[in-house]
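A short worksheet on the structure shown next.
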Amino acid sequence: MARPDRLPTVLRATVRNALGVLQQATGVPLLFSGIVVPDAPGRPRRMRLSDFAGAHSGALAELEVAPCAGLGGRAAGSGLPQIVSDYRSSRMISHEYDGQVVEAESLSSVCALPLAAHGAVVAVVYLATRDGVLGGQVLRAADGFVRRLGRDLEIRAGGSDPAEVTSTAGAIAALDDVLVDTTDPRTRGRLVAVRRHLAAGLAPLPDGAATLTPRELDVLRRVARGWTNRRIGEDLGLREPTVKAYLSTAMRKLGAGNRTAAAHVARAAGLI
């Protein structure tokens with residue numbers, strides 16, 4: 001049985017780990033989260049921005065968001081995703097945090113996704129671009145990810161014992177506990193890759209998947225669209241032999257026999 005009283009002890013660590021996984025899976029340049037602070041005597045429920053992936057400054061750190069204020073406040077209050085394609089000109093939000101948010105981070109398109117557990121919003125996960133609009137495919141993937149994260153939180157709050165894990169969800173919960181205590185970058189990367197595949201209901205990736213470089217992922221994204229090596233090179237400013245070299249190392253790391261198979265494995269894992 002899940003215990004809501006244990007939720008605060010696992011919430012922030014789980015959300016912090018999730019930001020890195022979600023950023024790697026979507027390629028969104030900036031993600032951050034806000035933890036909903038329980039009601040205190042004489043003080044209304046509010047949200048405090050907590051963790052960041054891709055921030056250019058510390059201006060957002062520990063910023064408190066009042067109930068229903070700003071995009072995140074609306075998401076926390078309504079329990080529904082909130083999206084603006086142009087943060088500066090949007091009329092659906094209060095703009096009272098523009099000085100801290102827009103100017104410091106040069107935000108353009110922003111999405112705030114409520115993270116619910118035990119029937120209540122406990123945090124908000126933000127995705128943002130500095131140029132351009134968040135695509136529908138990215139938003140759908142992120143929304144599904146955050147919903148699954150809420151279910152994972154409920155399981156973790158139940159105090160699952162890794163030695164007694166009997167379900168995929170329980171394995172994810174146990175793996176999150178291990179991730180919190182893992183400091184070695186290589187080991188952590190491999191664990192994140194395994195977690196991503198467990199969440200997708202797939203078998204773990206080859207060990208090398210965790211070491212794919214940003215450029216290898218750039219090439220694989222374009223292979224997944226059906227692009228030729230020449231077109232990929234023109235788009236990325238690379239020579240065609242260089243594109244082939246990136247593909248060769250990516251194929252080796254993913255255990256794939258050809259470029260198409262490599263792109264399929266990376267896409268199934270949520271890497272691209």
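Electrostatic tally near Val219: other residues with Cβ closer than 12 Å to its Cβ, Lys and Arg +1, Asp and Glu -1, net +3. Measuring only protein heavy atoms, the 1.4 Å probe finds Tyr87 accessible over about 10 Å². With each label modelled as a point 7 angstrom along the Cα→C-beta vector, the Arg12-Val133 pair spans 3.7 nm.
A simple spin-label model places the labels of Ala224 and Asp86 3.0 nm from each other, with each point 7 Å out along Cα-to-Cβ.
The heavy atoms of Asp86 offer some 70 square angstrom of accessible surface to a 1.4 angstrom probe.
Against the criterion of solvent-accessible heavy-atom surface with a 1.4 angstrom probe, Arg148, Arg259, Arg231 sort, most first, into Arg231, Arg148, Arg259.
Proximity of backbone amide H atoms, modeled 1.01 Å from N, is registered between Leu30 and Ala128 at under 5 Å, excluding neighbours fewer than 5 places apart on the same chain.
Close amide H partners of Val37, meaning residues 5 or more places away or on another chain with modelled amide H under 5 Å apart, are Arg46, Met47, Arg48.
The values are calculated or read from the model by the stated rules, or taken from the named source; none is laboratory data. In this text the structure is predicted, and so the values were computed from the model without any measurement. As a convention, Cβ positions derive from the backbone with ideal geometry for all residues, glycine included, and neighbour counts pool all protein chains shown. These accessible areas exclude ligands, DNA and RNA; they are computed on the full protein's heavy atoms, side chains included. Shrake-Rupley method; radii C 1.70, N 1.55, O 1.52, S 1.80 Å.
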